[in-house]
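Trainee: Have a look at this one.
The values are calculated or read from the model by the stated rules, or taken from the named source; none is laboratory data. Predicted, not measured: the structure shown is a model, and the values here were computed from it. Positions of Cβ are backbone-derived with ideal geometry, glycine not excepted, and every protein chain shown enters the neighbour counts. Each accessible area value is taken on the protein alone, full model and side chains, heavy atoms only, with ligands, DNA and RNA left out. Shrake-Rupley method; radii C 1.70, N 1.55, O 1.52, S 1.80 Å.
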Amino acid sequence: MNENDKRSKNADGRSTIYKGKDGYWHGRVTMGIKDDGTPDRRHVMRKSKDEVADRVTELENERDSGKIRPAGKKKWTVAEWLTHWLTIARPNLRDGSYDAYEVAVRVHLIPGLGAHKLNKLEPEHLERFYSKMQEEGASAGTAHQAHRTIRTALGEADRRGALTVPNPAEKAIPPRLDLEEEDEIDPYSVDEIKAILAEANKRRNSARWAIALSLGLRQGEALGLKWSDVNLETGVLKVRRSLNRPKYKHGCDGKPCGRKPGFCPSRQKARPDTAPTKSRAGRRTIGLPPALTRILQEHKSEQDTERAIARQLWKDEGWIFAKRTGEALSPNMDYREWKEILVAAGIRDGRLHDARHAAATVLLLLGVPERAVMDLMGWSSSSMVKRYQHVTAQIRMDIAARLGGLIWEEPKTKKKRKKSKRKAKDKGRKSEPDEGAAGLQMSA
């Protein structure tokens, strides 16, 4: 063993660089202690001394910053980590959240960034990727979803020690969301809401739209309601679950049917019918307006009639809003019904979710305090209040009238005082004797 080889085994654990008998340059860096108590001594081998020196410096920086990849751990690519992350994150994600992450990973992130080494990924790589997405036709919202996905995935890599550099997604400038579309939302006015409800009253499950436009429940929350969630005597409604959009998997054994899972003759459900509410704040108890309580009572009576007509075909699953045979309503059918109601009522087109914006804005019209609005709508952040409540033309005119009354109109109290003073003066003038009359009296 030559002199340099001896230096590679320094007792003080200092890094060493030497040229071996094989003609390559070698580096040895002590990174810490392994789980079994032995020194974690990393080995680097390159053709040139400068390359070894650079890598040794990198390892020393990792060690000094505390970002050390454990010995023997896999060197991930971005594609490998994202695929692994989806697997480990799945049990703790709602179906909707997982689906959004899975699409962002499969459609955008792996094709665009998958070949990068996880610990070599830089903020600039991400920023160029976001720009390219939008140049190729993706919306700012889609690019932002990709950013949120990889930021979350890399955060988990950092937490588990797979990422030994600062999370590049935290440093990358995210795609700028186009807020104009959100600002342009013009929620339905009170008159439009009345017209929608008048048309809905001509159809089955009309109470569905009364709840949407007055309480602002999300589609899944409204369709997930069961009769056990409402007390028609006290007028109290509890939101506890959300109806999932159906998702299916193949049930055909042996020879595949060749169709999409949803059209497989032997299809099987790939997710449960319901899921807990979107957040803890979503689990809420709501007091019903008396008129809405009466509407639900009438709806229950109508459903009881349908149950009697369906007889043995009725599936008693407890849904408040059900098909004619008792099963839960399909979200797609519910969406189409909304669109048909708007057309029949002669109301401008709008998203189903706009009913939630309308309900939140009505609460603003009524002057309901922000904290109460958050509780009713199931929000945990006050930022959602600003997002869903809109200052409509009606609100602007009300503000203008109040402002004008405050600045330019005289307060009623002052007017009354002036009038009383004028009356007193008039009385005084009437009670005073005429100067000519008084002179005559004196002379007499």
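Trainee: Any residue at all in the range 108-126 that is of a type in the set (A, V, I, L, M, F, W, C) and within 30 Å of Ala275 (Cβ to Cβ)?
Mentor: Scanning the range 108-126, I find at least one residue that is of a type in the set (A, V, I, L, M, F, W, C) and within 30 Å of Ala275 (Cβ to Cβ), so the answer is yes.
Trainee: Pull up the range 122-161, narrow it to residues that are among the hydrophobic types (A, V, I, L, M, F, W, C) and open to solvent by 10 Å² or more (accessible area, probe 1.4 Å), then point me to the one that is nearest to Thr77 (Cα to Cα).
Mentor: Of the range 122-161, the ones among the hydrophobic types (A, V, I, L, M, F, W, C) are 126, 129, 133, 138, 140, 143, 146, 150, 153-154, 157.
Among the residues that remain, those that are also open to solvent by 10 Å² or more (accessible area, probe 1.4 Å) are: 129, 133, 138, 140.
Details: Phe129: 16, Met133: 21, Ala138: 24, Ala140: 26 Å.
The qualifying residue nearest to Thr77 (Cα to Cα) is Phe129.
Trainee: Taking Val373, is it part of a helix (DSSP H, G or I), over 17 Å from Ser189 (Cα atoms) and not aromatic (Phe, Trp, Tyr)?
Mentor: yes
Trainee: I've got another one for you. Here is a list of conditions, (1) modelled with pLDDT of 90 or more; (2) at positive phi; (3) surrounded by fewer than 13 Cβ atoms within 10 Å (Cβ to Cβ); (4) not aromatic (Phe, Trp, Tyr), and Glu233 meets all of them except one; can you say which number that is?
Mentor: It is condition (2) that Glu233 fails.
Trainee: A further question on this structure: For residues that are among the β-branched types (Val, Ile, Thr) and in contact (Cβ under 8 Å) with a residue 24 or more places away in the chain, scanning just the range 353-378, find the one that is surrounded by the most Cβ atoms within 10 Å (Cβ to Cβ).
Mentor: Applying the filter and picking the extreme gives Thr361.
Trainee: Continuing with the same structure: For the range 381-416: of the residues being of a type in the set (Ser, Thr, Tyr) and either touching a Lys or Arg at 6+ places or on another chain (Cβ under 7 Å) or surrounded by 15 or more Cβ atoms within 10 Å (Cβ to Cβ) (or both), which is modelled with the highest pLDDT?
Mentor: Going through the qualifying residues, I end up with Tyr388.
Conditions (1) closer than 25 Å to Arg160 by Cα; (2) more than 49 Å from the chain's Cα centre (by Cα); (3) at pLDDT 90 or above; (4) open to solvent by 70 Å² or more (accessible area, probe 1.4 Å), marked per residue:
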residue	(1), (2), (3), (4)
Ser8	no, yes, no, no
His26	no, yes, yes, no
Lys34	yes, no, no, yes
Glu58	yes, no, no, yes
Ser65	yes, no, no, yes
Leu93	yes, no, no, no
Ala100	yes, no, yes, no
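Trainee: Continuing with this model, one more query. Can you list residue pairs whose Cβ atoms sit under 7 Å apart, with the first residue in the range 20-39 being of a type in the set (Lys, Arg) and the second being at pLDDT 85 or above and exposed (fewer than 13 other Cβ atoms within 10 Å of the Cβ)? Count only pairs 6 or more apart in sequence or on different chains.
Mentor: Arg28/His43
Trainee: Also: Can you find, within the range 283-296, the residue that is modelled with the lowest pLDDT among those that are surrounded by 15 or more Cβ atoms within 10 Å (Cβ to Cβ) and either at positive phi or out of contact with any helix residue (DSSP H, G or I) (no Cβ under 7 Å at 6 or more places or on another chain) (or both)?
Mentor: Leu288
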